[in-house]
1. Please state the shape class of the chain: rounded when a/c is under 1.5, otherwise prolate if a/b exceeds b/c and oblate if not, all from the C-alpha gyration tensor.
2. Which helices, taking whole DSSP H runs in the chain, have alpha carbons extending 18 angstrom or more along the helix axis plus mean Kyte-Doolittle at least -1.0?
3. Sort the stretch 230-286 into rounded, prolate or oblate with this rule: let a ≥ b ≥ c be the square roots of the eigenvalues of the Cα gyration tensor; rounded if a/c is under 1.5, and if a/c is not under 1.5, prolate when a/b is larger than b/c, oblate otherwise.
4. Select from GLU197, GLU395, GLU412 the residue whose mean-square fluctuation is largest in a Gaussian network model of the chain (Cα-Cα springs shorter than 10 Å).
5. Please report the net charge: other residues with Cβ closer than 15 Å to the Cβ of GLU104, K and R +1, D and E -1.
6. Can you give me the relative contact order of the stretch 229-294 as a percent, contacts being Cα pairs under 8 Å and 6 or more apart?
7. Just to confirm the filter: which trypsin sites (Lys or Arg not before Pro) across the stretch 202-245 are DSSP coil and have at most 14 other Cβ within 10 angstrom of their Cβ?
8. Give the relative contact order (percent, whole number) for the chain; include only Cα pairs under 8 Å separated by 6+ residues.
Amino acid sequence: MRAGAASLEVVAPSRRQPFAESPVVGTRGLQTYQRVLDAALAAFGESGYDRTTLDRVAELAGCSRVAIYQYASGKDDLFHILASQAATQMWAALEVLDGVTPDEAGRAAVLAFIERLADVEARYEPIIRAFEAAAETDTSLAGSARSIIRRGIGLVAARIVDTDLPSRLLDPTVELLNTGVISALSRMSILRAAAPEAYVRARVDGALADVVHRALFGPLPGVNLGSAPIGPPVPVVRLSAEARAIFDRARDLDAVAALPGKRALGSILGVASGLIAERGYRGLRIDDVVRAAGVSRGSFYTYFDDIDDFVRVVGVRAIQDVSAVVSDLPDHPTRLAMRRWLRRYTDVTLTRGPLVRVWIEAIEGPLRADRAAVTDWGRRRMATVLRDREFGDVEIEAEILMAVIEVFGSTERTKVEMDACLLLIQRAFVGPETSVTNRQGGR
């Protein structure tokens, strides 16, 4: 597809005018086209969506920018093409999903489906990870994603046999599972880079299959309660000294902004969420910031070295805001407590989530390794709530729970969607004895 198209359907490659006389792509052209796509995928993996340049793609592909322009209008077009390929392969994994039943065969069908999705994620990990950040400022990507999610809900729901889920909660549960699994696979890839032996594919895929099957049918002994974890204990991933310094600096700037006479700094920090959500990292300029804040460029440079420095700091502030809410996750997850907490979490992530996603994509150099530490912190908090239960792989499933909560909080939710999320948490993660429905008599 081309940038701005209405869907993520793959189309055959063709040469673009005026960069080629004929639109027909021959054998050598197809080889060049694939080499360009492979190079773009590698470049997105190196630098993220915003920082990738067409010059770097050309360098990795061993060709000129003009050669790339024969097949794509630019970096955005390359991203769309790769996203189309990933979406097509994910849809193919959905189409061959066998019937999902409340038994070992049903759990095996879920596992096979997840393994196929994990293969796609492994191939297109940079695209999947960057997709949400890219969609913040690309309406065609966002619209295509919503269309695929809607179609996927119906396809998966039709494969589910004999679930005892209330009919009104089936579709929102499937939607949370579909998006949550993709998010979990992406988050696991980040953690696997830091601790490969702890996040082996078999362990992650098995835990995901157990979670999905429990969400649909409840805990079933001998079917979906899991076995002993595969591999070593999951380690704690710590922030680097450089990242800790940025977190400390963000806290210091917040303290300075609260002082009398520091209106300029407060205004600069105050406009960050709206600007980055609207323009993304790539489209943000210092002039945009000072204009929106009503301050001078001199005021900006008093506190920030450049736009990269600004993005790093405001991204860290957003991470701190979200982390504060995650810290307040109820230790005793009654239905009422979880409902209140999920509302608060959603309120914060709707405004701060885009900044976190941009930070994860925009950071470069040694700091890119700190994505794992940021991801791991939420996992550890979720694990403290799950450790009393007597089934499943708590450490891995804690990360899956964080992924489900993150996708739930990424958009405004209805009461039915809230009810579906609460029931999913009960059935798939907390368990019947300490559930969000029954624990401490919560209603």
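1. Oblate.
2. Going by DSSP H runs, the hits are 27-51, 75-95, 104-135, 139-157, 167-194, 201-217, 241-257, 307-327, 335-362, 371-386, 394-408.
3. Here the stretch 230-286 falls in the oblate category.
4. Among GLU197, GLU395, GLU412, the largest mean-square fluctuation in the Gaussian network model of the chain belongs to GLU412.
5. Combined, the nearby Lys, Arg, Asp and Glu give -2.
6. 26 percent
7. ARG238
8. Relative contact order here is 18 percent.
The values are calculated or read from the model by the stated rules, or taken from the named source; none is laboratory data. Not measured: the values here are computed from a predicted model. Cβ coordinates were reconstructed from backbone atoms using ideal geometry, including for glycine residues, and neighbour counts include every protein chain displayed. Side chains are part of the model used for accessible areas, which takes the heavy atoms of the whole protein and leaves out ligands, DNA and RNA. Shrake-Rupley method; radii C 1.70, N 1.55, O 1.52, S 1.80 Å.
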